[in-house]
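To start, the structure under review is shown below, and the notes come after it.
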Amino acid sequence: MSKNKDVIMVRYTGADHARRFVIQRGDFKYWTGDEWDKVLDKAKVFTDHKTAQTTCAALQYQRYKGKPIRAFKVEVNIVLAADEVSEITQEALLKYLSCSLRLDMENSLYGDGPVEGSFVQARMKLSSLQEVEPTRKKF
């Protein structure tokens, strides 16, 4: 059992070359697309993590909607290293990040938030990406 039986998480299934995803709750029930069920074979299967995560976020929203919130901001640094680093456009970097970068919580171990009944959501606004002077010149 997870720390929080109501925690909702994206779980991997299948072989590495054919990775699939399901949504599981902390009480070991799987999302079927309509309801929660203990049988994995009834789970809705997603072919990509992004779609599974979007569905997971919608389910979390349903659980926590209407609750008051606080917001915090944290800095994230992206370092790009390459032989011809100046040839790589910011648009190419943004495209790469939007496909490859995932930001998620280890809620299966730590629950949805710092206390029972709380929920933490982290979002990265890639549109805010801006180039800055690096603190060093070589990787």
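Here the spin labels are modelled as points 7 Å beyond Cα on the Cα-Cβ line, and at Ala18 and Gln90 they lie 4.3 nm apart. Legend: residue pairs Lys5/Lys42; Lys44/Lys73; Lys29/Lys95; Lys29/Lys125; Lys5/Lys65, Cα-Cα distance threshold 30 Å; pairs beyond threshold, Lys44/Lys73; Lys29/Lys95; Lys29/Lys125.
Bridgeable aspartates and glutamates around Lys38 (alpha carbons under 13 Å apart, same-chain partners fewer than 8 residues away excluded): Asp27. Counting only Cβ charges, +1 for Lys and Arg and -1 for Asp and Glu, the dipole size of region 25-139 around its Cα centre is about 400 debye.
In this structure, Asn77 and Thr32 have a Cβ-Cβ separation that, at R0 = 41 Å, corresponds to a calculated FRET efficiency of about 0.50.
An ellipsoid equivalent to the chain, defined through the eigenvalues of its Cα gyration tensor, has semi-axes of 34, 20, 13 Å when rounded to whole angstrom and sorted largest first. Angle of helix 90-100 to the longest C-alpha principal axis of the chain, folded into 0 to 90 degrees and rounded to 10: 20°. For the chain, the 222 nm mean residue ellipticity estimated from helices alone, with every DSSP H stretch of n ≥ 4 adding -39500 (n - 2.57) and the total spread over all residues, rounds to -6500 deg cm²/dmol. Relative to a virtual label point 7 Å from the Cα of Lys44 in the Cα→beta-carbon direction, which members of region 54-68 show backbone nitrogen distances below 12 Å? Residues passing the 12 Å test: 54-60. Once you've got the GNM for the chain with C-alpha springs shorter than 10 Å, pick whichever of Lys29, Lys42, Lys73 has the biggest mean-square fluctuation. Of Lys29, Lys42, Lys73, the most mobile in the Gaussian network model is Lys73.
Sparse packing (at most 15 other Cβ atoms within 10 Å of the Cβ) combined with a DSSP loop state is found for the following chymotrypsin sites (Phe, Trp or Tyr not before Pro) in region 1-57: Phe28. Taking other Cβ atoms within 10 Å as a rough exposure proxy, Thr55, Thr135, Thr32 sort from fewest to most as Thr135, Thr32, Thr55.
Rounded to the nearest 10 degrees, the inclination of helix 49-64 to the longest alpha-carbon principal axis of the chain is 60 degrees.
Bear in mind that the values in this text are calculations on the coordinates, not laboratory data. Here the structure is a predicted model, which means the values were calculated and not measured. All Cβ positions, even for glycine, are placed from backbone atoms using ideal geometry, and neighbour counts span all protein chains on display.
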